[in-house]
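Accompanying notes for the structure given below.
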Amino acid sequence: MNHPASSTSPAPRWRSVECPRPLAPRPSIQHVLFDFDGTLSLVRQGWPEVMIPMFVEALPPLAGETEDDRRRLVTDDIMRLNGKQTIYQMMQLAERIRERGGAPLEPLEYKHEYLRRLDARIAIRISRLEQNQTELDEYLIHGARSLLEHLLERGLVLHLASGTDLAAVRREAELLDVTRYFGASIHGALDDYKRFSKQMVIEQILRENAIEGERLLAFGDGYVEIENTKQAGGLAVAVASDEANNGSGNVDPWKRERLLGVGADVVIPDYRDAIALVDHLLDGSEPIPHTVSRNGETP
């Protein structure tokens, strides 16, 4: 994969780090926010393969429209809302059905059906974790635990915020043994969806700690956490993880393109170089080359 630099090739330790703009140190960073699914956890890897067919199945076709046309439409809807609570994707489905003259179910009914199908898909993973039949890090993005340990060692405060239901996030975080990194600061979707959003979590972090947004660093693989972090003045790292090939070092080009489009400051495929990245941000110990990537590939 190619990541040609604007002047010189990046040092080997930075080959997985793409900076669309020059990246200056931020020694004032105190708090770090993580998304969960696709950013840390792989327990729900493949969830679009459950949601997309369900949406295509529910969406009334228009005259002359193919199944591929509907798939492209719903995929864009789903991924644009990735990072928000699941109910918002279901509300979008209901609206699409209504636009086409259909009579949609309540969004909560679609959510329950989606979760039923997803639970069936991930049941074996949950079982393996519950019965200690697998290494925990098999279901974490490559290098995630080392980064979490390093952030705590450096005295940073960690927060977790997910669009997945809070009970499921807590359960899966516990199974993956990552709860201890976040303490009580684990947030997820609520039945009353208006009481939770990642923007609300960010605002709470800033308010309760009386800090400005420049003291916040966020890692995520969805539009929402990247966009909300940038709006708050924080630094946003897009984790364009190739979830199906964890540890390969490959960037997911779809994620990369769209996360850069909402202002990501850095793009990484996983956490193989994340400790060095954090140390640069906190210490300015080594400049990170400004890279201009043609296709999200590393040298």
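This table checks each residue for (1) surrounded by 14 or more Cβ atoms within 10 Å (Cβ to Cβ); (2) touching a helix residue (DSSP H, G or I) at 6+ places or on another chain (Cβ under 6 Å); (3) not assigned by TED's automatic domain parsing to the domain that holds G188.
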| site | (1), (2), (3) |
| --- | --- |
| E95 | no, no, yes |
| K111 | yes, yes, yes |
| R116 | no, no, yes |
| A123 | no, no, yes |
| E135 | no, no, yes |
| S146 | yes, no, no |
| H150 | yes, yes, no |
| G155 | no, no, no |
Fill in the blank from the handout: For the stretch 227-251, pairs from a residue that is farther than 15 Å from E138 by Cα to a residue that is of a type in the set (A, V, I, L, M, F, W, C) and in a helix (DSSP H, G or I), with Cβ under 6 Å and 6 or more apart or across chains, are N228/I202; A232/I202; A236/I226; A238/I226; A238/L259
Practice task
Go over the candidates G213, G247 one by one and state the one that is over 16 Å from L160 (Cβ atoms) and in contact with a His (Cβ under 6 Å, 6 or more places away or on another chain).
Solution key: G247
Exercise for the section: Would you mind stating whether K198 is in the same structural domain as I29 (by TED's automatic domain parsing) and in contact with a Lys or Arg (Cβ under 8 Å, 6 or more places away or on another chain)? Expected result: yes
Problem - Residues (of a type in the set (D, E, K, R) and either free of Cβ contacts under 8 Å to residues at least 12 places away in the same chain or surrounded by 14 or more Cβ atoms within 10 Å (Cβ to Cβ) (or both)) located in the stretch 197-213 - result: K198, E203, R207, E208
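The values are calculated or read from the model by the stated rules, or taken from the named source; none is laboratory data. Predicted, not measured: the structure shown is a model, and the values here were computed from it. Using ideal geometry, Cβ is built from the backbone for each residue, glycine included, and neighbour counts are taken over all protein chains shown.
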